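Here's the structure, in C-alpha cells; my notes come after.
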Amino acid sequence: MSKVLTQKQLKVGVIGVGVVGSSVIATLEKNRDIITARAGVEIIIKKACVRDISKPRACPIPLTDDIDEIINDDEIDVVVELMGGRELPYHIAKATLSKGKAFVTANKAMLAYHRYELAKLARTPIGFEASVCGGIPIINALKVGLSANEILAIRGILNGTSNYILTKMTQDGWDFTQALKKAQELGYAEADPSLDINGLDAAHKLSILASIAYGIDVRPEDMLIEGIEHIAPEDIEFAKEFGYCIKLLGIAKKHDSSIELRVHPTMIDEEKLLADVDGVMNAVSVVGDCAGESVYYGAGAGGNATASSVISDLVAIARLYSQNHRQDQANPMLGFITEQSYAIIPKQDITSRYYLRILADDKHGVLEKIAATLSHNKISISTFLQKPSTLDSSSSQNCAKVLLATHTTSEFAIQNAITGLQSLEVVRQKPVIIRIEDE
Ligand code: NAP
Ligand code: HSE
C-alpha cells in the first residue's frame with residue numbers, strides 16, 4: 001500500500017486540541033514557510049476533533065466531535081492522535097492504518113502496550129517522536145543516529161513533571177502538592193497526574209526506548225517501578241550531605257544476553273551531567289559500544305516542545321511519501337524487524353546500593369536491632385546518619401530518624417530486610433528506600 005502525494009500538500013487530521021494539539025496547530029502556522037521548505041510539500045491540517053465541541057476555544061481549524069469523520073475522510077493522508085488514553089487511541093491507530101493513512105502520536109501509554117501490534121500492522125508510516133521526552137529527538141537518535149552501536153546502557157530523566165517537582169522541593173523548599181499543582185498549570189502533567197508521580201509514565205517511555213535499543217517487547221508490569229510520592233525533605237537533605245541529588249531515572253542496562261529495566265527515584269552523584277537537569281527539562285544518557293556516552297537534553301514536556309517532535313514526524317512522512325516509499329521498506333517502526341532475543345532480568349535479581357530512611361523508637365538497643373536485621377539479609381552499611389530525636393504526636397514518644405546507605409545488594413535481599421525491619425516493634429512505619437546509582 002504505497003502512497004504518492006499527488007498534490008504539493010500533506011493533509012492532516014488531528015484528534016485532540018489540548019496542550020499539545022493547539023501548539024501543533026499554532027507552530028505549523030507560525031513556521032509555515034520553513035516547514036514547507038523542509039518537508040517539500042505544504043502540511044495542511046484539514047480538520048480537528050475534540051471531545052466537547054461546545055467549549056469556547058480559539059482554534060482556526062474546522063472542528064468536529066466525531067472521530068470517524070477524521071479517520072474516514074479520504075482527503076486526509078495522516079491522522080495525528082493527541083487525545084491521551086490507551087485503548088481508544090489504539091483502535092484509532094488500527095482504523096487509521098487500515099484506511100491506508102499514516103499515523104502520528106504522542107501517546108506513550110498506548111505505545112507501551114500496543115507498539116508491537118501496530119508495528120506488525122503498519123504498511124504506512126507511524127511516527128511517535130513526541131512520545132518520549134517531549135522536544136528531544138531521542139527516538140530518531142536511537143533509531144538512526146546510534147544504529148551502528150550495541151546499546152550498553154540508557155539512563156534518563158524521562159518525566160518532566162516529576163523532575164519539576166523534585167527540583168522545586170530541592171532548590172526552593174516547595175512542598176510536593178504545591179509543585180505538582182504548578183506543573184499541572186504549566187501543562188506538563190498527564191490528565192491523570194498519578195502517572196507522572198508513580199513512575200508509570202517514565203516506564204511507558206522506557207519500554208519504547210528499550211524496543212528501539214534492544215528489540216524487546218517489554219511491558220511496564222515486567223519492570224521494577226517506583227515513583228516519587230514518598231520522597232521527603234530529609235531524603236533530599238541526606239542526599240545533599242553526601243554529595244548526591246535525587247532524580248527519577250529510567251534505567252536500561254545490557255548484561256550479556258539479558259536486559260535490566262527499572263524506573264525509580266535515584267541518588268546520583270551531584271557532579272554527573274544528569275544531576276544538573278532541572279525543572280521540566282529531561283535528559284537521556286545513552287552508552288553505545290562505538291560512540292561511547294552521548295547525552296540528549298531538552299524540554300521534556302509542554303505544548304511547544306512536544307509540537308516540535310510531532311511536526312518532525314509529519315515532515316518525515318511528507319518526505320517519505322514524496323519518494324514513494326512504504327513504511328516497512330524504508331523505516332521499520334521500532335527500528336528492528338527481528339524477533340526478541342534478550343531475556344528481561346527478574347526484578348528480584350537487580351542489584352544496587354540503597355539508601356534507607358527508618359523511623360524508629362529513640363531508645364537503647366534500637367540501632368543494634370536494625371543492624372542485625374540488615375546483617376541477617378547479608379546487607380552491609382556504608383554510611384550512617386541519625387537525625388535528632390523528635391516527639392511523635394500520635395504516641396507522645398520520642399522517635400528517631402535513622403538514615404543509612406548500603407553497599408551493593410540485591411532487590412530480593414533489600415525487600416526481605418524491609419519486611420524484617422517493619423516487623424520490629426521499635427520500627428514505626430515501613431522504611432523508605434531510594435536506590436543509589438554510582439556509575
Ligand atoms: P490535553 O490538554 O488534556 O488535551 C486532550 C485533547 O484531546 C483535548 O482537546 C480533548 O478535547 C481531546 N479529547 C480527549 N478525549 C477525547 C475523545 N474521546 N474524543 C475526542 N477528543 C478527545 O492533553 P495533552 O497534554 O495535549 O496530551 C495529549 C497527548 O499527548 C497525551 O497522550 C499525552 O500523554 C501526550 N503528551 C503530552 C505532553 C504534554 O506536555 N502535555 C507531552 C508529550 C506527550 P476537549 O478539548 O474537548 O477536552
Ligand atoms: N506528563 C509528561 C511529563 C508529558 O511530565 O513528562 C511528557 O511526556
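Of note:
- The alpha-carbon positions of the chain define a convex hull whose volume is 150 Å³ per residue.
- Within the range 40-121, GluC sites (Glu not before Pro) in DSSP loop having at most 15 other beta-carbon neighbours inside 10 Å: Glu75
- Heavy-atom accessible surface of the range 196-326, averaged per residue, reaches 34 Å², computed with a 1.4 Å probe.
- Percent of beta bridges antiparallel (DSSP, the chain, rounded to nearest 5): 70
- Between the residues Gln429, Gln386, Ala360, the greatest Cα displacement towards the positive end of the dipole of the range 351-437, with unit charges on the Cβ of Lys, Arg, Asp and Glu, is found for Gln386.
- Percent of Cα pairs exceeding the 26 Å cut-off, where the set is the range 142-300: 25
- FRET efficiency, Glu234 to Lys94 (Cβ-Cβ, R0 56 Å, nearest 0.05): 0.70
- Put a plus charge on the Cβ of each Lys and Arg, a minus charge on the Cβ of each Asp and Glu, and nothing anywhere else: the dipole of the range 103-213 about its Cα centre is then about 340 debye.
- When its C-alpha radius of gyration is set against 2.2 N^0.38 Å (N residues), the range 151-202 gives a value of 1.20.
- Of Ile34, Ile231, Ile212, the one that fluctuates the most in a GNM where the chain has Cα springs shorter than 10 Å: Ile34
- Rounded tilt (10° steps) of 411-422 against the dominant C-alpha axis of the chain: 50
- Basic side chains Lys and Arg get +1 at the Cβ, acidic Asp and Glu get -1 at the Cβ, and with that the dipole of the range 142-300 about its Cα centre reaches some 440 debye.
- Remark: spin-label model distance Leu424-Arg38 equals 5.7 nm, labels positioned 7 Å along the Cα→Cβ axis.
- Percent accessible area from carbon and sulfur atoms, the chain, protein chains only, probe 1.4 Å: 50
- Set against the 2.2 N^0.38 Å expectation for a compact globular protein, the range 361-439 has a Cα radius of gyration ratio of 1.13.
- Gaussian network model of the chain, springs between alpha carbon atoms under 10 Å - residue of Glu150, Glu241, Glu226 with greatest fluctuation: Glu241
- All other residues whose Cβ lies under 15 angstrom from that of Gly145 are scored, Lys and Arg at +1 and Asp and Glu at -1, for a net of -3.
- Partners of Lys247 within straight-line reach, counting lysines whose Cα lies under 18 Å from its Cα and excluding those fewer than 8 residues away in the same chain: Lys168, Lys205, Lys272.
- Considering only Ser309, Ser375, Ser207, the mean-square fluctuation computed in a Gaussian network model of the chain, springs between alpha carbons under 10 angstrom, is largest for Ser375.
- Taking 13 Å as the straight-line reach from the Cα of Lys181, the aspartates and glutamates in range (excluding those fewer than 8 positions away in the same chain) are Glu190, Asp192, Asp196.
The values are calculated or read from the model by the stated rules, or taken from the named source; none is laboratory data. Not measured: the values here are computed from a predicted model. Cβ sites come from the backbone with ideal geometry, for glycine too, and all protein chains shown count toward neighbours. Heavy atoms of the whole protein, side chains included, go into the accessibility calculation; ligands, DNA and RNA do not. Shrake-Rupley method; radii C 1.70, N 1.55, O 1.52, S 1.80 Å.
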